[in-house]
1. Under 8 Å for C-alpha pairs, at least 6 residues apart: give me the relative contact order for segment 39-175, rounded to a whole percent.
2. Using a 1.4 angstrom probe and counting only protein chains, how large is the accessible area of Lys57 in Å², to 10?
3. In nm, to one decimal, how far is the Asn178 label point from the Leu38 one, both placed 7 Å along Cα→Cβ?
4. Before I look further, what does segment 31-189 give for accessible area per residue, probe 1.4 Å, in whole square angstrom?
5. Between Lys31 and Ile185, how high is the FRET efficiency from 1/(1 + (r/R0)^6) when r is the Cβ-Cβ distance and R₀ = 41 Å? Nearest 0.05.
6. May I ask you to derive the relative contact order of segment 111-150, considering only C-alpha pairs under 8 Å and at least 6 residues apart, and to give it as an integer percent?
7. For segment 123-189, calculate the relative contact order in percent as a whole number, restricting contacts to Cα pairs under 8 Å that are 6 or more residues apart.
8. Cα centroid distance between segment 59-121 and segment 122-146, in Å?
Amino acid sequence: MKMVLLIVISAFIFNACTSTKYTNNLNNIEKLNTEKRLLTINYCTNNAYIKSINDEKYGKLFVEYIWLDNSCTWNGLSRGFFEYQLKKDLKVSSMKIVERLEYSNYEFTSYLIDNKYYVDLIYKYSNNEDLFILDYKGLYFQEQIQKFKKDFKSKSLGKKRLTKEYFKSLVRMNIVENYFEKVYIRDER
């Protein structure tokens, strides 16, 4: 029993250290120039917000951060819900994946929108936290991937980019779309 407990504790400590290493990669997003920020509140969220960034170096970025309460769960894949909401709100007829890379708890995806425009999405996930960063210019996207793969060159960098601005929230749209919900556990004593 002591051996099992030691293994569980060791695994927890190792995971915490690994998670911290990758979390630090996107901490600089908070330092960028925020144009507007909106807290999004829901009975299922501990902390959630959306914000629009207009940075001198990276250009326009959209950020949505969602930290779900332990008693709540997504009703599907959160990245899929984000893609659906983006496509719906921007009235996009087609959204094709040009490239997708995964490192630890990060997904980096470039999309071709309506066969004309490119946009990039950085998706970071952990237990109850989801961070979506929509990069209109592609420079922040490229820089973040290069922290994992130094020689990475984006296929969409320098091509015609999406300019329609997105400022919607999965948390606010949850009332209509039911993206996540509270999970009730029955006591069967």
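1. 26
2. Near enough 120 Å² of accessible area.
3. Those two pseudo-labels are separated by 2.4 nm.
4. Here the per-residue accessible area is 55 Å².
5. Computed FRET efficiency for Lys31 and Ile185 comes out at 0.55.
6. 30
7. 19
8. Computed from Cα coordinates, the inter-centre distance equals 9 Å.
The values are calculated or read from the model by the stated rules, or taken from the named source; none is laboratory data. Note that the structure is a prediction, hence the values are computed from the model and not measured. Neighbour counts are summed over all protein chains in view; Cβ atoms, including those assigned to glycine, are modelled from backbone coordinates with ideal geometry. Heads up: the accessible areas ignore ligands, DNA and RNA and are worked out on the full protein's heavy atoms, side chains in. Shrake-Rupley method; radii C 1.70, N 1.55, O 1.52, S 1.80 Å.
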